[in-house]
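Below is one structure, written out as structure tokens, with a few remarks after it.
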Amino acid sequence: MNILVINAGSSSLKYQLMDPETGVVSAKGLCERIYIDGRLTHKVGDKKVVKEIAMPSHSEAIAAVLDILVDPVDGVIKSTDEIDAVGHRVLHGGMKFSDSCIIDDQVIKAIEACIPLGPLHNPANLMGIRACQAVMPKTPQVAVFDTAFHMTMPPKAYRYAIPTEYFENDDIRRYGFHGTSHKFIARRAAELMGTKNFKLVNCHLGNGSSMSAVMDGKCQDTSMGLSPLAGVPMGTRCGDIDACVVQFLCNKYNMSVDECLTMLNKKSGVLGMSGVSSDFRDLEDGASKGNEACQLALDKFAYECAKYVGAYAAAMNGIDMLTFTAGVGENGSAVRAAICDYLGFLGIQIDPEKNDVHGKEALISTPDSKVQVWVIPTNEELMIAQDTAELVNAAK
Ligand code: ADP
């Protein structure tokens with residue numbers, strides 16, 4: 001089976017053509033500068049092709065992707081008929097979607113209705129969906145929501161302690177993101193444990209970071225909120241913050257709320273604290289040369305991540321497995337060690353030699369650690385392809 005996985009952003013669009021059973025990616029790439037001029041980077045194995053192609057909208061970007069996939073030289077299929085289905089990453093499913101689903105007019109309307117909750121991403125995701133529908137009307141399309149995995153949270157986890165009317169009238173609550181990744185890791189973790197019945201805390205630590213508490217395969221709590229700004233500090237996002245900070249800064253600097261939120265989303269986190277970089281490798285480099293701001297940013301990150309693990313252990317009355325994934329979680333052995341350093345009280349012990357692992361699945365805890373600690377590489381595209389194949393096969 002060939003599934004085309006699409007992740008459409010406001011001016012970019014990532015794609016992968018893959019087999020959902022084997023996970024083999026036959027081609028992948030990126031359209032950039034949509035609405036500006038347009039550039040396609042296409043990769044098949046080690047071969048990379050870059051083409052300047054006019055992309056006045058997402059439709060031309062999708063058309064360019066399909067053209068190169070069937071290109072006699074750079075392509076991997078003879079005709080677009082060989083694409084069995086398209087899986088779209090959609091940021092916000094609001095309260096309407098607790099699972100992936102086949103896209104029809106109703107689903108499109110529901111994704112549109114979630115635009116106020118995901119104002120930056122949902123419109124772009126919809127443009128990707130509409131562009132695919134226009135050029136391949138007979139091919140089934142599936143929406144896979146970043147929020148869906150977290151819909152099993154109980155009200156005490158997802159409700160904010162504000163007047164109920166804002167929940168009832170406006171759907172203001174915790175949603176959580178990176179759900180496709182948390183779901184992928186929860187499934188793999190269950191395979192490794194040989195059971196679904198255990199308590200897992202998953203640390204998805206990348207440029208954006210989120211933590212999830214998962215019990216018996218179901219999400220119980222997660223660190224991001226109504227938007228991806230909440231939770232642990234991130235590359236450029238501040239994470240949890242007192243809402244009065246916004247009021248103070250807007251008043252003092254005559255900023256609009258939007259300007260203040262742009263600062264909290266794009267200039268904060270470890271970038272804002274260090275003044276150096278959002279990339280953890282640069283921070284480690286800076287800290288090793290004596291840059292105290294870099295060290296403080298790293299300390300703050302590990303401290304807040306460890307606090308979430310402790311909180312989730314309390315929420316679930318225990319923890320059996322701790323997993324690290326995404327760019328920092330998979331590669332940052334020093335970050336993992338710094339987080340686990342706080343967690344001895346839970347019986348968590350990692351082996352420094354085993355922890356010297358980068359981008360590979362590995363058990364990094366000691367044999368007598370009360371909690372198994374694993375590094376598990378995430379694969380959101382594969383999860384999207386698998387959900388898409390499952391739904392399309394079931395509908396046949
Ligand atoms: P995104 O959230 O954009 O998908 P990724 O999950 O790809 O991000 O993570 C990217 C981040 O991973 C980089 O910003 C970098 O900080 C971090 N990273 C990559 N390699 C290492 C490493 N060896 N050590 C520490 N951090 C790393």
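The values are calculated or read from the model by the stated rules, or taken from the named source; none is laboratory data. In this text the structure is predicted, and so the values were computed from the model without any measurement. Because the Cβ atoms are built from the backbone with ideal geometry, glycine has one as well, and the counts that use them run over all protein chains shown. All accessible areas refer to the heavy atoms of the entire protein, side chains included, with ligands and DNA or RNA removed. Shrake-Rupley method; radii C 1.70, N 1.55, O 1.52, S 1.80 Å.
What's the total number of residues in segment 159-198 that are small (Gly, Ala, Ser) and more than 17 Å from Met215 (Cα to Cα)?
Restricting attention to segment 159-198, the residues satisfying the condition of being small (Gly, Ala, Ser) are 161, 176, 179, 181, 186, 189-190, 194.
Next, from what is left, pick out any that are more than 17 Å from Met215 (Cα to Cα): 161.
Summing the residues that are small (Gly, Ala, Ser) and more than 17 Å from Met215 (Cα to Cα) in segment 159-198 gives 1.
Given (1) in contact with a strand residue (DSSP E or B) (Cβ under 8 Å, 6 or more places away or on another chain); (2) open to solvent by 50 Å² or more (accessible area, probe 1.4 Å); (3) within 24 Å of Leu391 (Cα to Cα), identify the lone condition not met by Leu17.
(2)
Quick one: Thr262 ticks every box in (1) more than 20 Å from Leu91 (Cβ to Cβ); (2) open to solvent by 10 Å² or more (accessible area, probe 1.4 Å); (3) over 19 Å from the mean Cα position of the chain (by Cα) except a single one, so which number is it?
Only one criterion is unmet by Thr262, namely (1).
Looking at segment 111-124 only, could you name the residues that are in contact with a strand residue (DSSP E or B) (Cβ under 9 Å, 6 or more places away or on another chain) and either small (Gly, Ala, Ser) or open to solvent by 10 Å² or more (accessible area, probe 1.4 Å) (or both)? Walk me through it before giving the result.
If we filter segment 111-124 for residues that are in contact with a strand residue (DSSP E or B) (Cβ under 9 Å, 6 or more places away or on another chain), which is where we start, we get 111, 114, 118, 121-122, 124.
Passing the criteria: Gly118, His121, Ala124.
Would you confirm, using the coordinates I've provided, whether Asp387 is charged (D, E, K, R) and farther than 23 Å from Lys14 by Cβ?
Values: charged (D, E, K, R): yes; farther than 23 Å from Lys14 by Cβ: no.
No; evaluated as a whole, the condition is false for this residue.
Under the condition of being touching a Leu at 6+ places or on another chain (Cβ under 9 Å) and open to solvent by less than 40 Å² (accessible area, probe 1.4 Å), which residue from segment 138-163 is farthest from Gln220 (Cα to Cα)? Even if it seems obvious, please write down each step before you answer.
Here is the first cut: in segment 138-163, the residues touching a Leu at 6+ places or on another chain (Cβ under 9 Å) are 139-140, 142, 145-147, 160.
Remaining after also requiring open to solvent by less than 40 Å² (accessible area, probe 1.4 Å): 139, 142, 145-147.
Values: Thr139: 35, Val142: 26, Phe145: 17, Asp146: 16, Thr147: 13 Å.
Checked segment 138-163; the qualifying residue farthest from Gln220 (Cα to Cα) is Thr139.
Looking only at segment 44-59, which residues are surrounded by fewer than 20 Cβ atoms within 10 Å (Cβ to Cβ) and under 27 Å from Phe145 (Cβ atoms)?
Ser57, Ser59
Could you look through segment 2-14, keep only residues that are touching a helix residue (DSSP H, G or I) at 6+ places or on another chain (Cβ under 6 Å) and not in a strand (DSSP E or B), and pick out the one that is surrounded by the fewest Cβ atoms within 10 Å (Cβ to Cβ)?
Residues of segment 2-14 that are touching a helix residue (DSSP H, G or I) at 6+ places or on another chain (Cβ under 6 Å), as a first pass: 2-3, 5-6, 8-10, 13.
After this cut, where a residue has to be not in a strand (DSSP E or B) as well, the list is 2, 9-10.
Details: Asn2: 20, Gly9: 20, Ser10: 14.
Restricting to residues being touching a helix residue (DSSP H, G or I) at 6+ places or on another chain (Cβ under 6 Å) and not in a strand (DSSP E or B), the top hit is Ser10.
Could you grab me the full set of residues in segment 60-109 that are small (Gly, Ala, Ser), surrounded by fewer than 16 Cβ atoms within 10 Å (Cβ to Cβ) and over 22 Å from Tyr15 (Cβ atoms)?
Hit for segment 60-109 is Ser98, nothing else.
Mind listing just one residue for me: the one in segment 340-353 that is within 26 Å of the chain's Cα centre (by Cα) and surrounded by fewer than 18 Cβ atoms within 10 Å (Cβ to Cβ) and, of those, nearest to the ligand (Cβ to nearest atom)?
Asp341
Specify the residue that is nearest to Gln386 (Cα to Cα); the eligible residues are those in segment 167-192 that are part of a helix (DSSP H, G or I), touching a residue at least 24 places away in the same chain (Cβ under 8 Å) and among the hydrophobic types (A, V, I, L, M, F, W, C).
Phe184
Would you call Asp356 open to solvent by 60 Å² or more (accessible area, probe 1.4 Å), part of a helix (DSSP H, G or I) and within 16 Å of the ligand (Cβ to nearest atom)? Before you say what the answer is, go through the steps one by one.
Details: open to solvent by 60 Å² or more (accessible area, probe 1.4 Å): yes; part of a helix (DSSP H, G or I): no; within 16 Å of the ligand (Cβ to nearest atom): yes.
When the stated conditions are applied, Asp356 does not pass them.
So, of the residues in segment 187-215 that are aliphatic (A, V, I, L, M) and open to solvent by 10 Å² or more (accessible area, probe 1.4 Å), which turns out to be nearest to Asn317 (Cα to Cα)?
First pass over segment 187-215, keeping only residues aliphatic (A, V, I, L, M): 189-190, 192-193, 200-201, 205, 211, 213-215.
Now restrict to residues that are open to solvent by 10 Å² or more (accessible area, probe 1.4 Å): 190, 192-193, 215.
Values: Ala190: 19, Leu192: 21, Met193: 19, Met215: 10 Å.
So, considering only residues that are aliphatic (A, V, I, L, M) and open to solvent by 10 Å² or more (accessible area, probe 1.4 Å), the one nearest to Asn317 (Cα to Cα) is Met215.
Any residue in segment 278-296 that's without any contact (Cβ under 8 Å) to a residue 40 or more places away in the chain: show its pairings with residues that are buried (at least 16 other Cβ atoms within 10 Å of the Cβ) and part of a loop (DSSP other than H, G, I, E, B) at Cβ separation under 8 Å, as long as the two are six or more apart or on different chains.
Asp282/Val276; Leu283/Val276; Leu283/Ser277; Gly286/Val276; Gly286/Ser277; Asn291/Val276; Ala293/Val276; Cys294/Val276
Name the helices (runs of 4 or more DSSP H) wholly within segment 225-339 that hold at least 3 residues that are more than 12 Å from the ligand (Cβ to nearest atom) and in contact with a Leu (Cβ under 8 Å, 6 or more places away or on another chain)?
On the way: elements: 244-253, 257-266, 269-274, 280-288, 292-315, 326-331.
Hits in segment 225-339: 257-266, 292-315.
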